[in-house]
Amino acid sequence: MAWPNVLASAVALAPAILGIRAIRQPSLCLQDLGLTPRILARRQSEIPTRDTASRLNTLASDPTDAAEMMMQLYGTKGIALSFTMFASLRYGNRWTVAWSLLAAVPMIFADGVIIRQRIGPGNEWAFWAFALPNIAIAGRLLEWW
């Protein structure tokens, strides 16, 4: 196995590890992104509430619970992304691997932009740092350098 494939395997594993952590410990992942309970509570006044006992209204009235649910959904996205990359590593050729790595870059970039807009500058690099290895490994596999 060539070194770009080994690096691609490591990069492909990262979304699954982060996804499993987001599913199992969503509150810790929210804190990593800068979404502390204080920030989430500040947004609580923006969410309309009702006096019914439905689960949807309970979620709407508790921004921390809603944010943790969204973090768990985000975790499943990471696991699916890893499966896609591993499938291309196992059954494809190097171009398939390279393009699956590059396909993740717009998602990584968008995640960083959203975090920057919602939380503020600085936190976006927690996402954008993953784009650079994807581009570098894919570029090597595609013989761009």
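Kindly indicate which of Thr49, Thr96 is surrounded by fewer than 18 Cβ atoms within 10 Å (Cβ to Cβ), at pLDDT below 85 and either over 19 Å from Asn134 (Cβ atoms) or among the β-branched types (Val, Ile, Thr) (or both).
Values: Thr96 fails: at pLDDT below 85.
Matching residue, one of Thr49, Thr96: Thr49.
Against the numbered list (1) under 21 Å from Gln31 (Cα atoms); (2) in contact with a helix residue (DSSP H, G or I) (Cβ under 7 Å, 6 or more places away or on another chain); (3) surrounded by 14 or more Cβ atoms within 10 Å (Cβ to Cβ), Leu81 comes up short only at (1). Condition (residue is buried (at least 16 other Cβ atoms within 10 Å of the Cβ), at pLDDT below 90 and within 14 Å of Val11 (Cα to Cα)) applied to segment 57-75: is it met by at least one residue? So far as segment 57-75 goes, no, none of its residues is buried (at least 16 other Cβ atoms within 10 Å of the Cβ), at pLDDT below 90 and within 14 Å of Val11 (Cα to Cα).
Being in contact with a Phe, Trp or Tyr (Cβ under 6 Å, 6 or more places away or on another chain) and at pLDDT 70 or above: is that true of Ala87 here?
So Ala87 does not fit the description; no.
Selection within segment 9-46: residues that are modelled with pLDDT under 70 and of a type in the set (Gly, Ala, Ser). The member of this set that is nearest to Ile79 (Cα to Cα) is Ala41.
Evaluated against (1) outside any helix (DSSP H, G or I); (2) of a type outside the set (Phe, Trp, Tyr); (3) under 16 Å from Val11 (Cβ atoms), Ala98 falls short on exactly one condition, (1).
The values are calculated or read from the model by the stated rules, or taken from the named source; none is laboratory data. All values reported here derive from a predicted model rather than from experimental measurement. Every residue, glycine as well, gets a Cβ built from its backbone with ideal geometry; the counts of neighbours run over all protein chains shown.
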